[in-house]
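Colleague: Okay, handing you the structure first.
None of the figures in this text is laboratory data; all of them are computed from the coordinates on show. All figures in this text were calculated on a predicted structure; none of them were measured in a lab. Here the Cβ positions follow ideal geometry from the backbone for every residue, glycine too, while neighbour counts run over all protein chains shown.
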Amino acid sequence: MKGAMQTTTKGVGPQPRWHAAWAPWSHELRLLRRSHLAVAALVLLALLTALAVASGLCEVQRQQASIARVLQLQQGELAEQAALVAAGRDAGASAYYTFHSTYDPPAPASFLALGLRDASPHVLRVRALALQAQLHEGETHNPELALLGRLDYAFVLVYLAPLFLIALMYDLVSAERAAGRLGSLLALPGGQRLWLRRAALRAGLVFGALALPVLAGAWAGGAAGVWADGPSAGVLGLVLGVTAAYVLFWAALALVVAGRGWPSATNAVALVGCWAVLTLVLPTLVQLGIVRAVPAHQGAELMLAQREAVHGAWDRPREATLERFFQTHPEWRDTAPLPTGFHWKWYYAFQQLGDESVATQAAAYRQALLQRQRTTVWAGALLPGVAVQTALHRAAETDLIAQLAYQDAIARFHERLRRQLYPQLFHDRPFGVAGFEALPRFEPAPRGQALPAAALLALTLGPGLAAVALGAVRGWRRVWVGGPAWAQDR
């Protein structure tokens, strides 16, 4: 028998170190696979994430197709206008009847967080008339439908992923106590590390269910020709880092609650209450507080004020209007006097004055929006969901900063268009097809603005709470093996 035992031992041989380290994780994974609820939850989360990523890709494709169609129609319209210019149309009439298409192409990562692109226009046709009214008369949406939003990755991560983590971890300790195994598990060497291993395994699987569809969507978008380059490694790294930090935050919070020794039902109610407060109640209250603390007029009000200034110019003396224009644009003062009838330089002069009349209001409106954005960013220091959304929208370039960058690109193009037309308007120079074809073309806003501080906050919230949870687990002296009657699972 001794020889047989030796032979068996020699046959098995020493196990490698990685096998000994992996054995507890493999055992926990087998136990988790036996839980049909846990497996179903992970599969459902992966399917919802894949659906959100696919929905985002479809929306990006729709927006790109819309931009391509508008640009194609723009070429035909410009050809028609060029033919009319060749037939004798002057610069003023051509500028009045020619619409120029501006567009905001979606960033490669916009399929993950649609942000303001869901409600704000990404294509806008402008003329050489007063600009402010054109900026704020874009597409309109049904407000009830806009409240619903779209299913994108940011929504799944911020609102749904915590619920799946709660479902996987709320009875992490209480279920063992109810089964009568808690005392034996705590008596094992390193028994307290068991909870960290189980929590880490569940958090890692949730992260995988979220991250794999994101990587697959980034690859599929490039393979399907949705974009040429695709999201950069830095952007994908930020998205995955924010995802990991947010998952770690909720896993650590669930572990802390699970270690309080409460029954499973109490743990579930406490964690769902934390989810409701951190993702629904507090962000809503903070948003209402920001709106009250930083008032901002609607863009429609700015548009109406500018239109009143423009329409009122028809009732004012033409010479007085030109004199006001020359005060801010003295380079056009040495022009011929106005003729008796209508003249385009007077018309475009009061269009320019209409923009200048609301310039202070427009600047105040912009500053109010930026102040709201900055306040929301710093609210992420206390609200992890807000920090994650802010970081994802910035990485996807679908936030207010990107929208204002698009408006700035339109304003720059509009200024170039005016400067190209003013010499023909004020000096009565011939226009011709060559002048029409020399008009500027719109250039989209540059990409890659700096990430806000909320992105860094989102990356530190999860590890910070995880350290707190680790300290709490190590400090557990009694995990309610017995406890009072109200703490017992029924």
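Colleague: Please work out how much length the chain gains when fully extended from Arg260 to Leu370, using 0.36 nm per residue of separation minus the C-alpha to C-alpha distance, in nm with one decimal.
Modeller: Result: 35.3 nm gained on full extension.
Colleague: Let me ask something else about it. How far apart, in nanometres, would the label points at Leu51 and Arg292 be if each is projected 7 angstrom from Cα along the Cα-to-Cβ direction?
Modeller: 3.7 nm
Colleague: What list of ³J(HN,Hα) couplings, whole Hz, do you get for segment 415-424 from phi and the Karplus terms 6.51, -1.76, 1.60, once you set θ to phi - 60° and write x for glycine and proline?
Modeller: Once rounded to whole Hz, the list reads 5, 5, 5, 5, 5, 6, 8, 4, x, 5.
Colleague: Let me ask something else. How much FRET efficiency would the formula 1/(1 + (r/R0)^6) give for Val39 and Val269, where r is the Cβ-Cβ distance and R0 is 35 Å, rounded to 0.05?
Modeller: 0.90
Colleague: Show the residues, 5+ positions off or on another chain, whose built amide H is closer than 5 Å to the amide H of Arg125.
Modeller: Thr102
Colleague: Also, I was wondering about something else. Could you run the Karplus curve 6.51 cos²θ - 1.76 cosθ + 1.60 with θ = phi - 60° over segment 323-329 and give me ³J(HN,Hα) per residue in whole Hz, x for Gly and Pro?
Modeller: So the J values, rounded to whole Hz, are 5, 4, 5, 5, 5, 9, 9.
Colleague: Determine ³J(HN,Hα), in whole Hz, for all residues of segment 381-386 in sequence, where each value follows from phi through the Karplus function 6.51 cos²θ - 1.76 cosθ + 1.60 and θ = phi - 60°; x replaces Gly and Pro.
Modeller: Values per residue, Gly and Pro as x: 5, 10, 10, x, x, 5 Hz.
Colleague: Distance in nm between label sites at Leu73 and Tyr159, each 7 Å beyond Cα in the beta-carbon direction?
Modeller: 3.2 nm
Colleague: Where does each of 326-336, 374-384 land if you order them by average Cβ count within 10 Å, highest first?
Modeller: 374-384, 326-336
Colleague: Using 0.36 nm times the number of residues separating Arg62 and Val433, minus their current alpha carbon distance, what extension gain do you get?
Modeller: Contour length minus Cα-Cα distance gives 130.1 nm.
Colleague: Ala93 to Trp314: extension gain in nm, 0.36 nm per residue of separation minus the Cα-Cα distance?
Modeller: Difference between extended and current length: 77.8 nm.
Colleague: Could you order peptides 63-72, 391-400 by the average number of other Cβ atoms within 10 Å of their residues, highest first?
Modeller: The densest-packed peptide leads the list: 391-400, 63-72.
Colleague: What is the dipole size for segment 205-362, taken about its Cα centre, with +1 at each Lys and Arg Cβ and -1 at each Asp and Glu Cβ, in debye to the nearest 20?
Modeller: It comes to approximately 520 debye.
Colleague: Still on this structure, I have one more. With a sphere of radius 14 Å drawn around the Cβ of Thr360, what net charge do the other residues whose Cβ falls strictly inside it have (Lys, Arg +1; Asp, Glu -1)?
Modeller: Local net charge: -2.
Colleague: What is the distance in Å between the Cα centres of segment 62-101 and segment 367-426?
Modeller: 27 Å
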